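Take a look at the structure below.
The values are calculated or read from the model by the stated rules, or taken from the named source; none is laboratory data. Remember, it's a predicted structure, so these values are computed and weren't measured experimentally. Glycine gets a Cβ as well: all are built from the backbone with ideal geometry, and neighbour counts include every protein chain shown. Surface areas here come from the heavy atoms of the whole protein model, side chains and all, with no ligands, DNA or RNA. Shrake-Rupley method; radii C 1.70, N 1.55, O 1.52, S 1.80 Å.
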Amino acid sequence: MDLNYTPEDAAFRKHARTWLEQSLPRRELRTLDDRRAWHRKLYEAGYIGMGWPKEYGGGGARPMEQAIVADELARANAPAATNGLGIGIVGPTIIVHGTEAQKQRYLKKILTAEELWCQLYSEPNAGSDLASLRASAEDRGDHFAVTGQKIWTSGGAIADWGLLLARTDPTVAKHKGITCFLLDMRQPGVEVRPLKQITGSSEFCEVFMTNARVEKSDQIGKLGEGWAIAQTTLSYERGGRSLARVTSYGAQYRRLVEAAHRIRRHGRPLIDDAIVRQKLGRIWAELEVERYNALRVLTILERGEHPGAASSLTKLSYSEFEKRFMELAQEILGPYGQITEGAPEELKLEIDTAVGDHGTWAHAFLWSRAGTIYAGSSEIQKNVIGERVLGLPKETRADRLGGRR
Ligand SMILES: Cc1cc2nc3c(=O)[nH]c(=O)nc-3n(C[C@H](O)[C@H](O)[C@H](O)COP(=O)(O)OP(=O)(O)OC[C@H]3O[C@@H](n4cnc5c(N)ncnc54)[C@H](O)[C@@H]3O)c2cc1C
């Protein structure tokens, strides 16, 4: 692993940093239109879809360049672009598995956020065991009719389109009867109901489909091959923006240390307490481990290889780290950690201020649960690591039922 940046990389970073200094929004992005406008600005600067092929409107950039931009965005605490699932998951899936006509029809509008996307995989009884999904797509000659329910659909309420997994053949083994489709969310057969989360916001939705229409031309890959396509998607979700994440954690960490200097307990600053310093030191050491984990993934990508099942190591590691980090933040901040409005300026988090309550420690603590669930829970990542990285025996159905045989 080469941990040095080349002179070209350093120049590229400088350019991105200067652009951000000049272009960062001067005020909070309150509406979807505000976020779309910011997204558009990033796109025009070449900072959206950087790794996508040039012929489909992407930048054809190296993984290192993508990591540098993500890192600089995190460093500047820039608001997130919109259409994250479209850019991160749906677009790459269409690039790998779509027809030329699908690429021409959808990719550019994903990049420009003209059309927003969601991911319609999980169901009430099919999360970790995704292959048990029941939503069905029935062949009606010139189209498919989709009926069933999806849940935990991030961004479902604002999405124009959804990447859908549905069962097309209930008579074969469960992994074999699934097909991948593109579903128009703006049709009468699709009803979207937002769910209120523990954080108070409603980014997730339930999606009910009743004879929803999917054109034959919107089938991705072959009939019955949706499972293999879903695997590509999930590995995109798990590889991710690891280096940028470390930079964000670093900024949050510095805020926490500042807070430990300011908050006084028993008449002296918290930072004077040896236990507090020890715990902060430990988290810093763990954060360094995350940095090297991120660089390892980046090295694999730079070599033109795919991290595959090894991306589960990074995902498990950062998401569990985030929980420990936010638990320590709550311990240090005490009651200040629970304030959602009106906290003293120096005890605020100020991370991703674009989305209201995301700027509070309380929100960051509650949200830190999410990473250990989405894109495969921690237990599932451990299974993947055990079976596919370490080559241990496969989990049996009896194991899943708690060891009963
Ligand atoms: C922030 C967030 C965003 C999400 N966004 C989307 C989205 O946009 N689209 C979408 O389709 N889904 C989305 N999801 C859903 C997510 O993919 C599922 O929540 C996840 O796969 C877990 O499924 P589940 O909730 O049904 O839990 P379950 O699968 O019911 O799991 C419950 C518990 O049992 C454990 N468990 C289950 N199976 C095993 C096993 N074999 N061995 C050991 N332990 C096991 C799990 O680890 C977990 O602790 C999102 C979830 C979150 C938290």
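The alpha-carbon of residue 176 sits under 23 angstrom from the alpha-carbons of these lysines, leaving out residues fewer than 8 places away in its chain: 150, 216, 222, 394. Summing Cβ point charges (Lys, Arg +1; Asp, Glu -1) relative to the Cα centre of region 7-82 gives a dipole of roughly 240 debye. The alpha carbons of region 267-385 give a radius of gyration and a Dmax of 16.9, 56 Å, in that order. Solvent-accessible surface of the chain, averaged per residue with a 1.4 angstrom probe and all protein chains in place: 50 square angstrom. For the chain, the dipole from Cβ point charges (+1 on Lys and Arg, -1 on Asp and Glu) about the Cα centre works out to 560 debye, to the nearest 20. Remark: the residue 198-residue 215 segment gains 2.4 nm on full extension, using 0.36 nm per residue and subtracting the alpha carbon distance. Relative to the longest principal axis of the Cα atoms of the chain, the long axis of helix 63-75 makes an angle of roughly 50 degrees. Expressed as a whole percent, the accessible area of the chain that falls on carbon and sulfur atoms is 53 (1.4 Å probe). Given +1 at the Cβ of Lys and Arg, -1 at the Cβ of Asp and Glu and no other charges, the dipole of region 242-389 around its Cα centre is 340 debye to the nearest 20. Using R0 = 22 Å, the C-beta based FRET efficiency linking residue 4 and residue 254 works out to 0.35.
Each peptide in 44-51, 158-165, 197-204 gets a packing score, the mean of other Cβ atoms within 10 Å over its residues, and the list from highest to lowest is 158-165, 44-51, 197-204. Placing one equal scatterer on every Cα of the chain and applying the Debye formula, the log10 ratio I(q)/I(0) at q = 0.08, 0.10, 0.14, 0.15 Å⁻¹ is -0.47, -0.74, -1.42, -1.58. Springs join every pair of Cα atoms under 10 Å in this Gaussian network model of the chain, and among 285, 294, 260 the largest mean-square fluctuation is at 285. What angle do you read, to the nearest 10 degrees and between 0 and 90, between the alpha-carbon axis of helix 311-333 and the longest principal axis of the chain? Long axis of 311-333 versus the principal axis of the chain: about 40 degrees. Note on residue 366 and residue 320: their simple-model spin labels are 2.6 nm apart, each label 7 Å out from Cα toward Cβ. Annotation: extensible slack from residue 262 through residue 285 equals 6.0 nm (criterion: 0.36 nm per residue apart, minus Cα-Cα distance). Sorting 324, 26 by solvent-accessible area of protein heavy atoms yields 26, 324, largest first, with a 1.4 Å probe.
Full extension of the chain between residue 377 and residue 394 gives 4.4 nm of extra length, using 0.36 nm per residue less the Cα-Cα distance. Assign one of three labels to region 116-225, namely rounded, prolate or oblate, based on the Cα gyration tensor with a ≥ b ≥ c the square roots of its eigenvalues; rounded applies when a/c is under 1.5, prolate when it is not and a/b is larger than b/c, and oblate otherwise. The shape class here is oblate.
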